[in-house]
1. With each pseudo-label sitting 7 Å past Cα toward Cβ, what's the residue A:19-residue A:53 distance in nm, one decimal?
2. State, to one decimal in nm², a quarter of the convex hull surface area for the C-alpha atoms of segment A:191-332, i.e. the direction-averaged projected area.
3. Which of B:40, A:408 comes first, and how do the rest follow, when ranked by fewest Cβ neighbours within 10 Å?
4. What ranking do A:295-302, A:116-123 get when scored by the average of other Cβ atoms within 10 Å per residue, highest first?
5. Hey, got the Cα dimensions of segment A:153-416 along the principal axes, in Å, largest first?
6. Treating the Cα atoms of segment A:239-322 as identical point scatterers in vacuum, please give the log10 of the normalised Debye intensity I(q)/I(0) at q = 0.16, 0.18, 0.25 Å⁻¹, two decimals.
7. At 7 Å along the Cα-to-beta-carbon direction for both residue A:432 and residue B:79, put a label point, then send me their distance in nm to one decimal.
8. Take the Cβ-Cβ distance between residue A:289 and residue A:169 as r, set R0 to 25 Å, and report the resulting FRET efficiency rounded to the nearest 0.05.
């Protein structure tokens, strides 16, 4: 019996080897060549559409399964409920009282605060912003399967096939592409760095950067839709965007050329940073320099003043938020006094959650998760440039930009400071609540005292 | 994929808990996850500081009182069962509840909701809201936005309206009469876990 297998054995190995090589080469050609020229075959969009149909089918089956067992399919609530404008304090209290009675103090007013308090105990808006967004449907990834336990055998089989495809095929492909992209970036930017400064160098540097970022985009199977490209950031300005994950950089940089800002890292990141800065001026800070706000501001202003340098890309939130809201923008970048080009980035969570919970996952873990998701689908909106107005201070300007970004991206505009992930709340917010409530009452007591 | 039932098994006496509070298994799990998230040190119970770490609660004018409602007098910790039982007050009223004469009143009945709110006022638990206690709540809700005289006049007026037996304090029965009927249907929280209950009943 065994003697029959031997010749087949080597034949099979050879066939497998050949088919793998051919497959990979084809794919690399289909992916890298378009990346170089910035064109797309539309394969990814087709992929995205078929995935959506698949997920809808899977959810329907689960609902059916749940109904059969006569239980309610527990749908974690979609972002829509919290993102809507909360009913104002005045309105709520008036609703609660005997339908539109005089705005006097009512003992039941305490219910409003009580309810809000208990709501926050059950589900904290702020903590919620920092955990991954919950989904209405299941996207066949175990990591998003928080509460779905009505899964039939058919679905399990489908999930199994999904795992095979994602880890056996997509992941190796993507990792290869990622290494290619990064490797090319380092090598080519170093080569471009050898050229003398001038228009040729800038042109080449732009092309090289764009090409490598596009390869990285394909390495993540990111399907990006850019809106309003006429507002793309120009030289001598700052590009400001909301921050969900480190991938944001790749997404923006694959469509335009930016000067990056960041801390100098060691290891692989350091190599990349040093190579990039040879081709065009990026701003890398030493760890010690980061604390010195004046130094930071000066370097940024100097860069902007030079019109031949690329627009700076900054994420003012300072930390990753889970892409359902835009947290407080730090005012530093808004004090510089130049044009700000706001950009809103919104990820579609159905395909793979791009949010990086830095307290839970390290960077490598995160990247692996990203590369073993189905895809990363996001939309980028370029907003028209804004400048600080007369009599507006940096904080107000920052808030204005933040509100514009939140509105465009359909994200909730929260007052909260992103640093709240690890910080304390200011007494100011409590006072604001008291102010709102007193407005409901004080009006009435003034009337009473007059009469 | 089987994860739900295993989580439920980890919670002791979960059947009793579900029966007493009326929460479904999915809700219990959701609350358990929340409990674990709040219990940052993983001790299996919560202390007042864990509640204090919730930013929205910290900025709530009566946040301390709400936290206090979770801890029985003398106790410094609250376990999962107590946590869920207190939150059960905020489930919407079961409109179609059959009236069994011998069963205890459900935690989320109209009466118990009012009692919860009453206890937020009545911190010394003597069964009456004194003028002082009312003033304290008013101060918490209004802060520096109104003068002391205005606060006192509001308190006086409220007691005047509500106090029927003229003992200068508001008892639970008087509190009940003063609270609007519509209130009972509003005393539920819009948080997702609980909102789903509306579809059930």
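We did not get these values from a lab; they are worked out from the coordinates using the rules stated. Everything quoted here is computed from the prediction, not taken from an experiment. So basically every Cβ, Gly included, is an ideal-geometry build from the backbone, and we count neighbours across all protein chains shown.
1. Between residue A:19 and residue A:53, the simple spin-label model gives 2.5 nm.
2. On the way: hull surface 38.0 nm².
Hull-based average projected area comes out at 9.5 nm².
3. Values: B:40 11, A:408 18.
The most exposed by this proxy come first: B:40, A:408.
4. Top of the packing list down: A:116-123, A:295-302.
5. Principal-axis extents of the Cα atoms in segment A:153-416, largest first: 64, 47, 37 Å.
6. Relative scattering, expressed as log10 I(q)/I(0), comes to -0.67, -0.86, -1.56.
7. Those two pseudo-labels are separated by 4.0 nm.
8. Working: r = 45 Å, r/R0 = 1.78.
Efficiency, rounded to the nearest 0.05: 0.05.
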